Each structure stands twice: as structure tokens, then as C-alpha cells.
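Nothing in this text is a laboratory measurement; each read-out follows from the coordinates by a stated rule. For clarity, every value in this text was computed on a predicted model and none was experimentally measured. Backbone-built Cβ (ideal geometry, glycine too); neighbour counts: all protein chains shown.
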Amino acid sequence: MQKNCEPQQWHGTTILTVRKGDTVVVAGDGQVSLSNTVIKSNARKVRPLAGGDVVAGFAGATADAMTLFERLEAKLEQYPSQLTRACVELAKDWRTDRYLRRLEAMMIVADRTVSLVLTGTGDVLEPERGVIGIGSGGSYALAAARALVDMDLDAEEIARKAMTIASEICVYTNDQFVVETLKS
């Protein structure tokens, strides 16, 4: 019998943002899994930054995400009220810094005017139609939110319904949501 020499992998998360009307919502599930075991069911993967003017959610390794949150906070202090500029500067650092290059995470960040996805490859992407999903259940939540966005629902209702759908499909996503909302 051959032993599996690969380290156990952390799986999962679903982070979704929905921008509709004068509201942007970032929602995340609370499940942290190691291989096929749920380690924690109420993790907080979405949090306000910059005194509540920015909301960020992460998918990936927790320690890596905390490092990125701290770095983003510093960039937001350096470039106040300039989320896109702060994110571009963070993405540059993330891609070029030897330590940061090894971080395994993605982030969704939003303020009252823009929503962005940040990756370790230097991407700073703005979504089409105001909806972004990342993580293992991100595609499910994204598809559900896109289907719901033209209905007579507000941004938070869309996000909660889409996250519920993702939690029913993705085994690495649960229904313990953290939802943060910003209004223009």
C-alpha cells in the first residue's frame, strides 16, 4: 500500500459580493475544513476595514488572509478613499515581494463605489454586473446571484439566497453567513 505523502489541504469557503442600487454586500460562509473534516463552522472571513468604509472577504489560508488584511489596511491608510489605488499597490507588493508571493489566498474588497477581486498573480479585477464569487463555492454563489440580480430583491436578499444555494451544493460551504453591507 502506497502512503500519501502530500500534506492535507485546507478546503473551501465561499465569498460573494453583490452590488445593486446604492448598496454593496459582501457575504461569506463560516466553514473551515481540513481534508474531509470540518474544523470550525463559524469563522469570520468577511470584515470591515478602514473604519468601516471598506469591506473585505477572503478565501484561502487564514494566516495568509490576515497578513493581506493588515497589508491592505496599511495601503488604505497610505491612500485614503482610494480603494482601487490601494489594491493595485497591494497587488504589486503581493506579486513581487518574496514573502507575500507564497501567500495562498484571494480577496474580494468593496467600498461604496467599486468592488474588486485581488489575487496573488497581480490581478485587480472589477466584476461584470456587480457580482463576484470566489472560493470553492464561489462559482455556485456567483451563478445564483446572477440569476437573482434582475429580480425584485435587494442586494442583501440576493447575497443570502445565493449563499444558501452554494451551501446546499458545495460540501466546503456552510450556512453560517457573515454579511457586511455598505450603502452609498
Of the GluC sites (Glu not before Pro) in segment 77-184, those whose Cβ has at most 16 other Cβ within 10 Å and which sit in DSSP loop: Glu104, Glu128
For segment 137-152, just list the computed ³J(HN,Hα) in residue order, Karplus coefficients 6.51, -1.76 and 1.60, θ = phi - 60°, integers in Hz, with x standing in for Gly and Pro. x, x, 5, 5, 5, 4, 4, 5, 5, 4, 5, 8, 4, 8, 7, 7
Arrange Met151, Met163 by Cβ neighbour counts within 10 Å, fewest through most, would you? Met151, Met163
Put in order of increasing Cβ neighbours within 10 Å, starting from the fewest, Ser81, Ser184 give Ser184, Ser81
Honestly the chain on the Cα gyration tensor test (a ≥ b ≥ c root eigenvalues; a/c under 1.5 rounded, otherwise a/b vs b/c for prolate or oblate) is just oblate
Within segment 10-177, how many Lys pairs that are eight or more residues apart, or on different chains, come under 27 Å at the alpha-carbon? 8
Which value, in debye to the nearest 20, gives the size of the charge dipole of segment 10-177 about its Cα centre, when Lys and Arg are +1 and Asp and Glu are -1 at the Cβ? 420 debye
Whole-Å distance, taken between Cα centres, linking segment 42-77 and segment 105-184: 16 Å
What's the whole-number percent of alpha carbon pairs in segment 17-58 lying beyond 12 angstrom? 66 percent
Long-range amide H contacts for Asn174: which residues qualify at under 5 Å (H placed 1.01 Å from N, peptide plane, sequence gap of 5 or more or a different chain)? Gly30, Gln31
Chymotrypsin sites (Phe, Trp or Tyr not before Pro), restricted to segment 131-184: which are DSSP loop and have at most 15 other Cβ atoms within 10 Å? none
